[in-house]
Amino acid sequence: MKTMIKILGTLALLLMLALPAMAVDIPSEVTLFKNVNIFDGENEKLLQGYDVLVIRNLIKQVSKDIPTEGTYELDVKTGGVKKLNVDVGCMHHYTVYVAGEKEKTEKKEVKVNVIDGKRKTLMPGLIDAHWHTLYVNMLGLDPLRTEETDYIHAVALKEADKTLLRGFTTVRDLGGSCFGLKKAIDQGVCPGPRILPSGTHIGITGGHADYTESWNLPRSIDGSMDRFEQIESFRQVAGVPEMLAAVRYNLKRGASQIKLLMGGGVASTYDPLDVNEFTFEEVKAAVDVAKNWGTYVTVHIYTDEGIKKAIKAGVKGIEHGHLMSEEAAKLIAKNDMWVCIQPFDPDMPGALEILGPEKFKKYLEMANGFPKVMDFVKKYNINLAFGTDFSFTPQNNHTQANALTKFSKWLSNYEILKMATSTNAKYFELSGERHPYKQGPLGVIKPGAYADILLVDGNPLEDVSILGDNNKNISLIMKNGKIYKNTIH
């Protein structure tokens, strides 16, 4: 009798969660994960032997012994439960009776896709906070200059599918026009991760956004857009008015956040790493516009001078920061900013060949700064986001999740997993109303959250490296309630 009451209560709660007031919209299928150990993205302790119910694209229930069958009667006017009982023998179906006007009823059977998790680890999909959808499958910058735009996008969509199948269900794109790609993925036209886009990189003439020939005049002088601006990859601005226009344009296009190139870059044609780009007034103008739109600015910068300028201007995020001093680290912590640093390997395969000798020297200087900055992050408890920034070396893309292990000297497996799930999602919440995914939280396993789910062979809390190796140990990948990989037998 107690078991029956428990089942009835569970199903009643399930339906009240699934069906909002004044609407009866019954799904044709739901997914029920049985017998899994859950890392919920927030807490270190695994939930042992739990079940997770997914209805459409959201998690609806996380508990033990969720039933696989039942019958409900719903009020079509309110969505509330009128009567509920259990049909014995109706295996793996929820039968729904919708009570309409004049007591007429409509019967609808809802199939339950029951997946025996076999005590595998169920966890949120991974999140990459620094990704470049357009560049990650390009072998260098030249294809952006010479290939047709539709070819560039086709190559990007192919890699978006691979990104999802590595277990990354969400990425924050920090430069390049991917608005159409995002729309196609969100509409189910093609598979890929959720994307929080930034739009065109914004930089200066001769800076990290300038890949034109040295004799090309700035657009403010000759009025013509170069190829990179035409395809919305890089835009060079000069002065506050142009900065205002560029930021407003990206927001008009649908940017979730704004990305500025405030300093020298490894792949840059003209600027060394120590170059400090943009005036304070230009950066402040970008921050003001982003704030007016309820979102934030994050900046590409390595050095102290640029970091201090960004802090003064109200920037919320530092991308990279590999050359910062302890003084700058203290200021970042004091101002509750975020650092998204990449664990670049000085011995990364293909880097020398792609970059060439001069740029590779810059790469080594930057990559060798990672351990020092991580010491500062731990010492001052700086908000840390995980992002890979893979660009132009497609032969390394399969190592995207392998990058998590590079933090093991400073962070526990739990801290690493939390960083790549709920912590990254918390960072993204700075986008406010510009955040494109508002139905529920990302990066967590709990009722109401998006159903972005991995089933992992083994326990990543004991060995985070099992998430790497190009998804070898990930048995199931679900994004937005849809299964994209399932090798469970």
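Every number in this text was worked out from the coordinates using simple rules, so none of it is lab data. Just so it is clear, the model here is predicted, and its values are computed rather than measured. Don't worry about glycine lacking a Cβ; one is built from the backbone with ideal geometry, like all the others, and counts go over all protein chains shown.
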Plugging the Kirkwood radius over Cα pairs into Stokes-Einstein for the chain, at a temperature of 20 °C and a viscosity of 1.002 mPa s, what D comes out in µm²/s?
89 µm²/s
Exposure proxy check on Trp338, Trp131, Trp215, Trp293: fewest-to-most Cβ neighbours within 10 Å is Trp215, Trp293, Trp338, Trp131
Cα-Cα over 30 Å: which of Lys118/Lys378; Lys183/Lys379; Lys330/Lys446; Lys372/Lys482; Lys64/Lys485; Lys284/Lys330?
Lys118/Lys378; Lys183/Lys379; Lys330/Lys446; Lys372/Lys482
Could you give the nm distance between label points at Val240 and Asp274, where each point is 7 Å from its Cα heading toward the beta carbon?
3.1 nm
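Only bridges whose two residues both fall in region 125-444 count here: according to DSSP, what percent of them are antiparallel, nearest 5?
Restricted to region 125-444, the bridges split so that about 5 percent are antiparallel.
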Plugging the Cβ-Cβ distance of Lys183 and Glu147 into 1/(1 + (r/R0)^6) at R0 = 25 Å yields, to the nearest 0.05, a FRET efficiency of 0.70
Here the gain from full extension of Glu42 to Lys252, 0.36 nm per residue of separation minus their alpha-carbon distance, amounts to 72.2 nm
Relative contact order for region 125-444: what is it in percent, counting Cα pairs under 8 Å that are at least 6 residues apart?
20 percent
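Normalised radius of gyration for region 193-322, please: alpha carbon Rg relative to 2.2 N^0.38 Å, two decimal places.
Working: Rg = 13.7 Å, N = 130, 2.2 N^0.38 = 14.0 Å.
Cα-based Rg divided by the globular estimate yields 0.98.
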